[in-house]
Amino acid sequence: MTVRVGVTGATGRMGREVIAAVDDHADCEVVFAVSRSPDGETVDGVEIESADEIDSLLVEREPTAVIDFTGPESAVEYAAACAGADVAFVTGTTGFDDAHLEALEEASEEIAVLHAPNFARGVQALLNVVGEAVQNLPGYDVELVETHHNAKRDAPSGTANRLLTEIEANGEFTERTHGREGEQPREAGEIGVHALRGGNITGEHEVLLAGNHEELRLTHRAEDRGVFAAGAVDAAAWIAGQKAGWYDFADVIAE
Ligand SMILES: NC(=O)C1=CN([C@@H]2O[C@H](COP(=O)(O)OP(=O)(O)OC[C@H]3O[C@@H](n4cnc5c(N)ncnc54)[C@H](OP(=O)(O)O)[C@@H]3O)[C@@H](O)[C@H]2O)C=CC1
Ligand SMILES: O=C(O)C1=N[C@H](C(=O)O)C[C@H](O)C1
């Protein structure tokens, strides 16, 4: 079966990568790609259409799934449009607050919604092992450093937040300390969180566990955004035919 993909935020860094990744995938095709302000542009030969037309595009082009890498407000709006048209929604957007997540969960009562803050398979592996490392090194100091390009809006990254959830679920920690300045000695039990921004760095995440005159560093470095796009397209292919509900990239990898 051919997976018919709709792309939102099509002229953004990730939107362009998704269009290219769909092209590389034997069983997928882009059936529409939208932007809020299309100016007759094409991306990899795909015409960019107006996001104002999303409701009719969802009905007329019959996508199997929409892939969204935009912003929190827009992701919620696009998810609601997909719910109205019975189309599955795959989003890699980050920076959601509780209200955004609640709105996405509401959509997942009607359609299959898959959210992953990182579609790199290596990050999924990191998420699988970080808890075990924390359990094996009780009392060690934990610091998390994420590094991204200078246009990233949200901090810490969505991936960093997911890693922090895993770390906290597997050890005794008191609080997250975001950066340090002035007289601020490290407290036992805190997790230091640091967001670096610069140039066009694709995305790096490092968890440092230090203690007992030793250190363990678990680092993931994405070298190309294509890795995220490929994972999102795999997710779109996987989600075709799934029933309404909330899914994660781990569900895709498990199969
Ligand atoms: N899960 C993962 O693996 C990854 C997640 N990301 C996340 O994806 C998101 C997008 O990243 P990136 O592509 O670098 O960002 P860009 O700013 O390059 O692109 C985002 C696009 O989304 C659209 N957009 C942004 N805000 C809104 C809004 N309020 N309403 C409607 N459309 C909007 C814009 O397109 P237009 O105006 O043309 O509609 C914009 O071009 C971020 O949240 C980022 O953290 C990034 C990489 C990997
Ligand atoms: O904005 C980005 O670029 C990225 N965002 C994601 C995040 O916030 O975790 C994933 C990736 O690191 C790139």
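DSSP beta bridges fully contained in the stretch 121-222 are about 60 percent antiparallel.
Computed over every Cα-Cα pair of the chain and binned at 10 Å starting from 0, the pair-distance distribution P(r) comes out as 7, 30, 33, 19, 9, 2, 0 percent. On a 0 to 90 degree scale, rounded to 10, what angle separates helix 121-136 from the longest Cα axis of the chain? Long axis of 121-136 versus the principal axis of the chain: about 30 degrees. Translational diffusion of the stretch 14-143, estimated by Stokes-Einstein from the Kirkwood radius over alpha carbon pairs at 25 °C in a medium of 0.890 mPa s, is 149 µm² per second.
Farthest toward the positive end of the dipole of the stretch 37-184, out of Ala120, Ala151, Gly139, is the Cα of Gly139, where the dipole comes from beta carbon charges about the Cα centre.
Taking amide H positions as modeled 1.01 Å from N, with prolines and chain starts lacking one, the residues under 5 Å from Val43 and 5 or more places away or on another chain are Ile48.
The modelled label-to-label distance for the pair Leu218/Ser50, using points 7 Å beyond Cα in the direction of Cβ, is 4.8 nm.
For the listed peptides 198-210, 119-131, a ranking on the average number of other beta carbons within 10 Å per residue, highest first, reads 119-131, 198-210.
Of all DSSP beta bridges confined to the chain, the antiparallel ones make up roughly 35%. Counting only alpha carbon atoms, the long axis of helix 226-239 and the longest principal axis of the chain meet at about 60°. Length available on full extension from Leu196 to Glu132: 0.36 nm per residue minus the Cα-Cα distance, which gives 20.4 nm. Between the beta carbons of Arg36 and Arg180, assuming R0 = 45 Å, the FRET efficiency works out to 0.70 to the nearest 0.05. If I fit a long axis through the Cα atoms of helix 158-169 and take the longest principal axis of the Cα atoms of the chain, what angle between them do I get, 0 to 90°, rounded to 10? So the helix axis and the longest Cα principal axis differ by about 50 degrees.
In sequence order, the stretch 63-75 has phi-based couplings of x, 6, 8, 9, 10, 10, 10, 10, x, x, 4, 5, 4 Hz under the Karplus curve 6.51 cos²θ - 1.76 cosθ + 1.60, θ = phi - 60°, and Gly or Pro positions carry x.
Classify the stretch 121-222 as rounded, prolate or oblate from the Cα gyration tensor: take a ≥ b ≥ c as the square roots of its eigenvalues, call it rounded if a/c is under 1.5, otherwise prolate when a/b beats b/c and oblate if not. Verdict is oblate for the stretch 121-222.
Rule-based calculations on the coordinates, nothing more; no lab input. Quick caveat, the model's predicted, so the values are computed rather than measured. Positions of Cβ are backbone-derived with ideal geometry, glycine not excepted, and every protein chain shown enters the neighbour counts.
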